[in-house]
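A short write-up of the structure that comes next.
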Amino acid sequence: MNVLVDGARVQARPGQTVAGLLLSRGQVSWRSTRRGGRPRGVFCGIGVCFDCLVVVNGIADVRACQRVLEDGDEVRTQRGAELPS
Amino acid sequence: MTVVVVGAGPAGMAAARAAARAGVRVVLVDAAARPGGQYHRQNSLSAEGEFGLPDGVEHWPDSSVWAVEPIDGGHRVHVRTGRADGPGRRGRCVDTPALVLATGAYDRALPFPGWTLPGVYTAGAAQALAKGQGVAVGERVLVAGTGPFLLPVAESLLDAGAGVLGVLEAGRPFSRWLRDPRGTLTGRGKLAELARYARVLAANGVPYRTRTTVIAAHGADRVEEVTTARLDPDWNVLAGTEQRVRADAVCAGFGFSPQLELAVAARCKLRDGFVLVDAAQATSVPGVFAAGEITGIGGAQLSAAEGEVAGTAAAMRLGVRPPMPHRALRAVRHGRRFAAALARAHPLRPGWRGRLTDDTLVCRCEEVDHRELREAVGRREASGARSLKLVSRAGLGPCQGRICGPNIADLVAGIDPTAFARRPVAVPVRLAELSEAPAPQEETE
Ligand SMILES: Cc1cc2nc3c(=O)[nH]c(=O)nc-3n(C[C@H](O)[C@@H](O)[C@H](O)COP(=O)(O)OP(=O)(O)OC[C@H]3O[C@@H](n4cnc5c(N)ncnc54)[C@H](O)[C@@H]3O)c2cc1C
Ligand code: FES
């Protein structure tokens, strides 16, 4: 399975979450906060804290720890507040 | 007619099985792709699923319940099915005269300077990533907090290949375990379980320290160093015991908070922060049952026993007469005593508040720091959680106060921690999805 992470082609495994993939590649943050512009990644790991938000296929505010990847998904860093959908 | 069970953890699976055994149709809804919940979290990278469910149970995976609405003779459960937070999820409703809520709990996370740095995780996150995704969150990891849960977390980290620098328990639990008057904590194989963890830690050279915790994490854009310190019985730092340690991850867990929003939306009465249930796991609302850690924190076995009782009672509401689940009822009684003793052995002590600096964030989502929270407390007129939220913005972000709510209730007198669980929408729904709800195109089953 192949996905794009910030434009780079990356191999992913079926069942892998966005967070699982990014962390296994050594990336610990993929979002900046709205107010302070501070980096964030996984905190709770189970979908309750919303720290791990990421853009998937152009849709912002997707929880990376909950989203299971599909072939061809495009994952991109989320900066501050992005337009909701 | 159908029994609907929300949550496929130990409690929900047991409820679904018991109701199916009693001969009624069951819909089991869970946000995850595979049943299991937290305790039985399956490795989602492996091809085979581990848990079979009986024929009478229809499992709806990848399905989030975002609202529960009272209707004539029961409740309407609103579900969205599809990849998490995606726009193309399918909307469905299912009506039921007997709803079982088994939505579980999540880690209580206490703030400390640096706790928002990437590399600081809840203990449960480390566990979920290790078990579910085969990911070790770091090479030099400190596990800190309170409660027996820290031990399986350390074990999973080791299994996943992490280097664990130590397990830091803020309390001094084992003297309390051994002093526990009725021996509830030491009975039933619990000491053997603890001895097993002690062997695993020792075999891997992982020190276990009591009255010690992480008081700060440091780093520019991620955790690079951590300060640990010894604590007095109230969890105040013993001056001069601070140590700076090189580390790339901290996994902190200070017990669990129940996932209450659906129970609150259904207007179930709460007591001491948990859903109040009777001996049949019935809540204060007719036709709504609750099982597992939303009724109290007591571990997977108690959750499963409660689930079996709740599933049986829910089936009875549909008119069947299954045999009484005597063994499960007994297990619930024992389990509750154990849970109460456990809670007494692992109290949160007030000293954690002393570690907050002015600029330590209290609300991670809205980035409200401790100074801003204090100022808001001074400025607000009414004393309730609602006005405090509006004045400070704490609890208004996307997690809707799940993380900060219990802490703010400890920091500010007169705030009810469960006030933060009043969330009209239990899980995020896209704006486009909301505008179509309650849509006629939603299928009602
Ligand atoms: C992250 C984490 C990891 C844990 N790991 C362990 C462990 O390894 N060992 C251990 O002894 N204890 C562990 N625990 C403690 C745990 O709480 C267990 O005691 C046990 O899993 C509780 O069972 P339960 O059935 O009450 O809830 P859970 O197992 O928490 O199951 C609740 C289920 O409800 C689902 N759910 C919640 N809300 C909704 C909704 N709105 N719509 C759809 N589905 C919903 C969730 O997806 C989840 O699958 C862990 C806790 C956490 C938070
Ligand atoms: S890490 Fe908390 S929601 Fe994903």
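Only strands (runs of 3 or more DSSP E) whose full extent lies in chain A are considered here, and the ones with at least 1 residues that are away from ligand 1 (no atom under 16 Å from the Cβ) and within 11 Å of the chain's Cα centre (by Cα) are A:2-5, A:53-56, A:59-63, A:74-76. Total residues in the range A:1-35 satisfying the condition of being away from ligand 2 (no atom under 11 Å from the Cβ), open to solvent by less than 20 Å² (accessible area, probe 1.4 Å) and hydroxyl-bearing (Ser, Thr, Tyr): the figure is 1. Among the criteria (1) within 7 Å of chain B (Cβ to nearest Cβ); (2) buried (at least 22 other Cβ atoms within 10 Å of the Cβ); (3) closer than 30 Å to B:Asn407 by Cα; (4) not aliphatic (A, V, I, L, M), the one A:Arg38 does not fulfil is (2). For the range B:379-408, a residue qualifies if it is open to solvent by 20 Å² or more (accessible area, probe 1.4 Å), of a type in the set (A, V, I, L, M, F, W, C) and part of a helix (DSSP H, G or I), and the qualifying residues are B:Leu390, B:Val391.
A quick yes/no check of all residues on (1) within 12 Å of chain A (Cβ to nearest Cβ); (2) within 11 Å of ligand 1 (Cβ to nearest atom); (3) among the acidic types (Asp, Glu):
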{"position": "B:Ala14", "(1), (2), (3)": "no, yes, no"}
{"position": "B:Ala19", "(1), (2), (3)": "no, no, no"}
{"position": "B:Val27", "(1), (2), (3)": "no, no, no"}
{"position": "B:Asn43", "(1), (2), (3)": "yes, no, no"}
{"position": "B:Val65", "(1), (2), (3)": "no, yes, no"}
{"position": "B:Val68", "(1), (2), (3)": "no, yes, no"}
{"position": "B:Thr81", "(1), (2), (3)": "no, yes, no"}
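Going by the conditions given, is B:Val332 assigned to a helix (DSSP H, G or I) and away from chain A (no Cβ under 14 Å)? When the stated conditions are applied, B:Val332 passes them. If you scan the range A:15-56, which residues turn out to be farther than 30 Å from B:Gly395 by Cβ and without any contact (Cβ under 8 Å) to a residue 24 or more places away in the chain? Hits for the range A:15-56 are A:Ser24, A:Arg25, A:Gly26. Could you please let me know if B:Glu50 is part of a strand (DSSP E or B) and open to solvent by 60 Å² or more (accessible area, probe 1.4 Å)? So B:Glu50 does not fit the description; no. The residue that is nearest to ligand 2 (Cβ to nearest atom), among those in the range A:57-72 that are touching a residue at least 40 places away in the same chain (Cβ under 8 Å) and open to solvent by less than 10 Å² (accessible area, probe 1.4 Å), is A:Ala64.
The values are calculated or read from the model by the stated rules, or taken from the named source; none is laboratory data. Quick caveat, the model's predicted, so the values are computed rather than measured. Please note: Cβ atoms are built from the backbone with ideal geometry, for glycine as well, and neighbour counts cover all protein chains shown. Side chains included, ligands, DNA and RNA excluded: accessible areas come from the protein's heavy atoms. Shrake-Rupley method; radii C 1.70, N 1.55, O 1.52, S 1.80 Å.
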